[in-house]
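Structure first, then comments.
The values are calculated or read from the model by the stated rules, or taken from the named source; none is laboratory data. This is a predicted model, so every value here is computed, not measured. Note that we place each Cβ from the backbone using ideal geometry, even for glycine, and neighbour counts take in every protein chain shown.
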Amino acid sequence: MLRTNLATRPFYNERVAQLVLTVAGVAALALLAAGIARGVAVARSQAALSAAAEAAEREAAQLAGRTSSVRRAIEAGEVESIADAVAEANRLVDQRTFSWTEFFNVIDRTLPSGVMLTAVRPEHDEDGVSVVVGVIGRRIADIDEFIGLLEGTDVFADVLAREEEMLEGGRYRARLAGRYRPAGADARDGSGQAP
């Protein structure tokens, strides 16, 4: 059975209880104050970020307006000069990507035994690559056979003998000119880029 009377003072040392309650109350107030301070700091930070975002959006809108006005201000002549410069750059890239190995492989497959190659000069223009080839043959028929074999490939077209002359010893020298379209050129022509 319970022998303590709860109606009377349950704690005989009230000061300790008051001290504990006071410390707990002060700690609760300190935590509440820290929470309020943190909330105020977050609210200020949120307001600053919102203001910065609005300023960035205004600046982006201004820059978009300036960009569109600059685009409208560009004259057609400037656009043409830029397009010409791009075409020139593409032509220079095509010149650097001329494959001598591929070219000489085709020549090696088509060169008859009675014909010798003496000179090769590729020329790049807006239509692609034209090639001037110097040859010496035993007979004109050998040179004509070489022309026919070149045109029979997929990479040569419009091959003509521009000059022919007879040399000492009965041989013939000829300068051949034609269009050269390497295998990768067809893929670049359609899109402007290599595959």
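One table, with the values for the structure above:
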quantity: Any chance LEU176 is outside any strand (DSSP E or B), surrounded by 13 or more Cβ atoms within 10 Å (Cβ to Cβ) and at pLDDT 90 or above; calculated: no
quantity: Long-range neighbours under 6 Å by Cβ, at least six apart or interchain, first residue more than 17 Å from ASP127 (Cα to Cα) within segment 81-109, second modelled with pLDDT under 85 and in a helix (DSSP H, G or I); calculated: none
quantity: Among residues of segment 147-173, those that are more than 25 Å from GLY128 (Cβ to Cβ) and under 50 Å from the mean Cα position of the chain (by Cα), counted; calculated: 2
quantity: Pairs where the first residue, in segment 151-171, is surrounded by 10 or more Cβ atoms within 10 Å (Cβ to Cβ) and the second is β-branched (Val, Ile, Thr), C-beta under 6 Å, 6+ apart; calculated: GLU151/VAL159; THR153/VAL106; VAL155/VAL106; VAL159/ILE147; ARG171/ILE136
quantity: Residue list for segment 65-103, filter: under 23 Å from the mean Cα position of the chain (by Cα), part of a helix (DSSP H, G or I) and either surrounded by fewer than 10 Cβ atoms within 10 Å (Cβ to Cβ) or at pLDDT below 70 (or both); calculated: ARG71, ASP94, GLN95, ARG96
quantity: Criterion violated by GLY114 - all others in (1) surrounded by fewer than 10 Cβ atoms within 10 Å (Cβ to Cβ); (2) over 34 Å from the mean Cα position of the chain (by Cα); (3) not polar (S, T, N, Q) satisfied; calculated: (1)
quantity: Members of segment 105-125 that are farther than 17 Å from ILE136 by Cβ and in a helix (DSSP H, G or I); calculated: ASN105, VAL106, ARG109
quantity: Residues (in a loop (DSSP other than H, G, I, E, B) and either more than 16 Å from LEU117 (Cβ to Cβ) or in contact with a helix residue (DSSP H, G or I) (Cβ under 6 Å, 6 or more places away or on another chain) (or both)) located in segment 148-173; calculated: GLY152, THR153, ASP154, VAL155, GLU168, GLY169, GLY170
